[in-house]
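Supplied in structure tokens, the structure appears directly below.
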Amino acid sequence: METNRERARTVLVAGVRGLGLAIVSLGGSLTLFVLSVVSLVLVPFGIGLITTPWVLAGVRAHADRRRLLASQWCGVRIPPAYRPVPPGARPWTRTLHLLRDPATWRDLRWLPVDMVAGFVTALVPAALVFYPLEGFALAFGLWRVFTDGTYVGWWYGFVPVSGQGSALLAGLLGVGILVASYFLTPALLRVHFLLTRSLLAPGQGELAERVRVLTETRRDAVDGSAAELRRIERDLHDGAQARLVAMGMDLGTIEALLEKNPAKARELLARARQSSAEALDELRDLVRGIHPPVLAERGLGDAVRALALRMPVPTEVSAELGGGRADAPVESAAYFAVSEVLTNAVKHSGADRIWVDMRYAEGALRVSVTDNGRGGAVVGGGSGLSGVERRLGTFDGVLAVSSPAGGPTMVTMEIPCVLS
């Protein structure tokens with residue numbers, strides 16, 4: 001049962017979030033809409049062929065960020081349904097592919113609605129929280145700034161403020177609005193995301209397209225698994241198996257020399273012992289690459305903590321998974337996705353500190369990896385994030401990247417799952 005203090009905090013947080021969303025809806029969506037229109041107009045002149053993929057990538061990132069906030073803040077899931085862009089495509093092919101994607105036009109239709117209706121639906125919960133402050137200020141004397149008591153110098157809602165009496169009525173109205181916000185603000189913030197879902201959620205045709213995309217990601221996963229099996233076979237053949245064969249030959253020689261040349265036998269025995277230790281180390285490394293033992297034994301949180309200890313950059317890990325465990329394939333996908341993102345941060349960001357935050361809430365595992373590096377990371381920019389996105393896509397997961405020039409970089413991953 002939620003206490004009054006917890007409820008008040010929830011209302012305040014919803015109001016602050018609504019205010020932030022209103023600013024982003026008006027400023028961000030307006031800017032991206034104008035850039036999109038200009039870029040599309042310039043396509044016939046050739047300039048748009050270069051600019052359109054970048055602009056649409058920004059639109060998608062903006063929409064993905066709203067999807068993530070909808071899920072995190074109000075439990076409203078908005079599945080993406082983007083067609084994968086062929087890697088290495090030429091500018092014209094890439095632009096044409098994006099313009100043929102129904103999800104692109106859905107995003108573009110969403111932008112003007114978001115900067116009008118989205119702005120209003122985000123501003124209303126914020127107004128319910130903060131507008132009462134003006135009424136209280138008027139009741140406590142601020143009305144004197146706007147009137148000398150002989151004429152109406154200010155309106156608070158529908159109350160004309162012309163003196164202390166009407167200012168007290170304004171304060172009373174502020175109390176009423178504050179009471180209403182206590183009950184309505186979180187629900188009104190959810191309305192904003194429901195509006196967003198009505199515009200961004202795929203229709204029946206796009207759901208069929210989503211099935212096709214998931215089929216492709218699963219096929220990629222199968223191909224990746226087959227390639228991994230071939231790598232394991234190659235590593236076993238060239239590494240541990242070769243050492244074990246050599247060790248068997250040494251043991252045969254030792255058996256023959258045991259009585260004739262004990263000194264040589266002892267030398268070969270020491271070499272066989274060394275070979276067995278090296279073969280064991282190789283097998284351990286191979287098993288760790290397939291499925292780390294700590295992941296199977298201790299779960300995702302401890303596995304990522306162990307991974308962080310091996311990073312050359314100081315890495316802090318915070319895990320709140322509610323004491324449960326996801327299915328083994330989900331844990332494995334999350335672990336190797338985090339491993340890839342950490343490797344990218346170490347190789348490319350120039351960061352001297354990394355933070356990993358893992359939480360389970362509202363039916364999804366959410367992992368964010370933040371570094372204080374130089375920024376500029378993009379999906380498909382050769383940083384390995386495309387592979388992470390495909391890995392998560394196998395489980396209907398999503399990847400969002402925020403990496404402005406100069407940093408910091410935040411990579412957020414979300415995988416729908418159920419904890420045991």
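The values are calculated or read from the model by the stated rules, or taken from the named source; none is laboratory data. Predicted model, so just to flag it, every value in this text is computed and none were measured. All Cβ positions, glycine included, derive from the backbone under ideal geometry; neighbour counts span all protein chains shown.
Could you pull out the residue among Ser318, Ser368 that is in a strand (DSSP E or B), farther than 23 Å from Ser386 by Cα and either in contact with a Gly (Cβ under 6 Å, 6 or more places away or on another chain) or modelled with pLDDT of 80 or more (or both)?
Going through Ser318, Ser368 in turn, just one is in a strand (DSSP E or B), farther than 23 Å from Ser386 by Cα and either in contact with a Gly (Cβ under 6 Å, 6 or more places away or on another chain) or modelled with pLDDT of 80 or more (or both): Ser318.
Further question: Looking at region 156-167, which of its residues are closer than 16 Å to Leu133 by Cβ and either surrounded by 20 or more Cβ atoms within 10 Å (Cβ to Cβ) or out of contact with any Phe, Trp or Tyr (no Cβ under 9 Å at 6 or more places or on another chain) (or both)?
Once the filter is applied, which keeps residues that are closer than 16 Å to Leu133 by Cβ and either surrounded by 20 or more Cβ atoms within 10 Å (Cβ to Cβ) or out of contact with any Phe, Trp or Tyr (no Cβ under 9 Å at 6 or more places or on another chain) (or both), region 156-167 yields Tyr156, Val159, Val161, Ala167.
Okay, next question. Output the number of the condition that Gly407 fails; it satisfies all remaining conditions of (1) modelled with pLDDT of 80 or more; (2) surrounded by 17 or more Cβ atoms within 10 Å (Cβ to Cβ); (3) on the phi > 0 side of the Ramachandran plot.
Of the numbered conditions (1) modelled with pLDDT of 80 or more; (2) surrounded by 17 or more Cβ atoms within 10 Å (Cβ to Cβ); (3) on the phi > 0 side of the Ramachandran plot, the odd one out for Gly407 is (1).
Looking at region 80-118 only, could you name the residues that are modelled with pLDDT of 90 or more, within 19 Å of Ala400 (Cα to Cα) and among the charged types (D, E, K, R)?
Scanning region 80-118 gives Arg106, Asp107.
If I filter region 170-201 down to residues being closer than 15 Å to Gly75 by Cα and of a type in the set (Val, Ile, Thr), which single residue comes out as surrounded by the fewest Cβ atoms within 10 Å (Cβ to Cβ)? Step through it out loud before you land on a result.
So the first thing to find is which residues in region 170-201 are closer than 15 Å to Gly75 by Cα, and the list is 186-198, 201.
Next cut, of a type in the set (Val, Ile, Thr) only: 191, 196.
On the way: Val191: 16, Thr196: 26.
Restricting to residues being closer than 15 Å to Gly75 by Cα and of a type in the set (Val, Ile, Thr), the top hit is Val191.
Just to be sure before I move on: is Ala263 small (Gly, Ala, Ser), exposed (fewer than 14 other Cβ atoms within 10 Å of the Cβ), at pLDDT 75 or above and not assigned by TED's automatic domain parsing to the domain that holds Gly387 in the structure I sent?
yes
Restricting to region 63-102, count the residues that are assigned to a helix (DSSP H, G or I) and either more than 19 Å from the chain's Cα centre (by Cα) or free of Cβ contacts under 8 Å to residues at least 40 places away in the same chain (or both).
11
Would it be correct to say that Ala345 is under 17 Å from the mean Cα position of the chain (by Cα) and in a strand (DSSP E or B)?
Considered against the rule, which asks whether it is under 17 Å from the mean Cα position of the chain (by Cα) and in a strand (DSSP E or B), Ala345 comes out as no.
Here is a check on your reading of the model: is Thr343 buried (at least 16 other Cβ atoms within 10 Å of the Cβ) and not acidic (Asp, Glu)? Walk me through how you get there before you give the answer.
Numbers: buried (at least 16 other Cβ atoms within 10 Å of the Cβ): no; not acidic (Asp, Glu): yes.
The answer is no for Thr343.
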